[in-house]
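*Asks:* Quick one: structure below, then a few questions.
The values are calculated or read from the model by the stated rules, or taken from the named source; none is laboratory data. Just so you know, these numbers come straight off a predicted model, no measurement behind them. To get the accessible areas, we keep the full protein, side chains included, count just its heavy atoms, and leave off ligands, DNA and RNA. Shrake-Rupley method; radii C 1.70, N 1.55, O 1.52, S 1.80 Å.
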Amino acid sequence: MFNKQRTSISNHFLALLGYFCMAIVSSCLGCSYKLLKDLSTDTVSPVEICEKINHLKIPEYLAHFILSGVLTLRGWWGIGIFNVPFIFYNFAQWCEGRHLLDHKKVFSTLSQEMRIIKAKASFFAIIMFYCLWEWATWSPPDYTPIGIGFNTMKNIQVSH
């Protein structure tokens, strides 16, 4: 069965946790992009911008890791495994200490950082649209009793 409960954790909780993690990652990437865009116009201090962006890195990495686990636990193996290269990239950046922006070198790495943020944002947009598509086409499983869970669409009939 496609909608089979796969873990002892409810699908509803996993869905909410996944959407929450996507919101965290999207807002971290959006704020980072906006801050780097302001830095490219040279209207703000590089020290302040680097500190703000560096504070956004840890929540982004943790939310991405949790999101990958949630997608895998929900049974979306393809999209969960599709996250592994970005998780590995984040982990490699973390281990090498290159995840933090240095205010002395930020102008030389500005275009590279903006490309990375755009790539991550595009990747998460694909994941978000996939999750919304799954949510929109989801039908409740047969083992869910009426009145419990996501089963408002269970008894709706479509006439031809």
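*Asks:* Residue by residue through the range 27-35, what is 3J(HN,Hα) from phi via Karplus (6.51 cos²θ - 1.76 cosθ + 1.60, θ = phi - 60°)? Round to whole Hz and write x for glycine and proline.
*Replies:* Each residue of the range 27-35 in turn: 5, 5, 5, x, 5, 4, 5, 5, 5 Hz.
*Asks:* Starting from the residue with the highest accessible area, list 133, 94, 76 in decreasing order, probe 1.4 Å. Spell out each step's value before the answer.
*Replies:* On the way: 133 160, 94 115, 76 35 Å².
The residues order as 133, 94, 76, largest area first.
*Asks:* Next up: Using heavy-atom solvent-accessible surface (probe 1.4 Å) with all chains present, what is the largest-first order of 43, 72, 137? Show your work: numbers first, answer last.
*Replies:* Working: 43 95, 72 40, 137 75 Å².
Descending order: 43, 137, 72.
*Asks:* Can you tell me how much longer the chain between residue 62 and residue 130 gets when fully stretched, taken as 0.36 nm per residue apart minus their C-alpha distance, in nm with one decimal?
*Replies:* Details: separation 68, 0.36 × 68 = 24.48 nm, distance 2.09 nm.
Additional length available on full extension: 22.4 nm.
*Asks:* Moving on to the next point. Could you name the aspartates and glutamates in cross-link range of residue 118, using Cα to Cα under 19 Å and dropping any fewer than eight places away on the same chain?
*Replies:* The reachable aspartates and glutamates, counting only those whose Cα sits under 19 Å from residue 118, are 38, 60.
*Asks:* Please give the length that would be gained between residue 96 and residue 108 if that part of the chain were fully extended, namely 0.36 nm times their separation in residues minus their C-alpha to C-alpha distance (nm, one decimal).
*Replies:* Values: separation 12, 0.36 × 12 = 4.32 nm, distance 1.87 nm.
Full-extension gain reported as 2.4 nm.
*Asks:* Figure the gain on full extension for residue 119 and residue 51 (residue separation times 0.36 nm, minus the Cα-Cα span) and round it to one decimal in nm.
*Replies:* Details: separation 68, 0.36 × 68 = 24.48 nm, distance 2.20 nm.
Gain in length upon complete extension: 22.3 nm.
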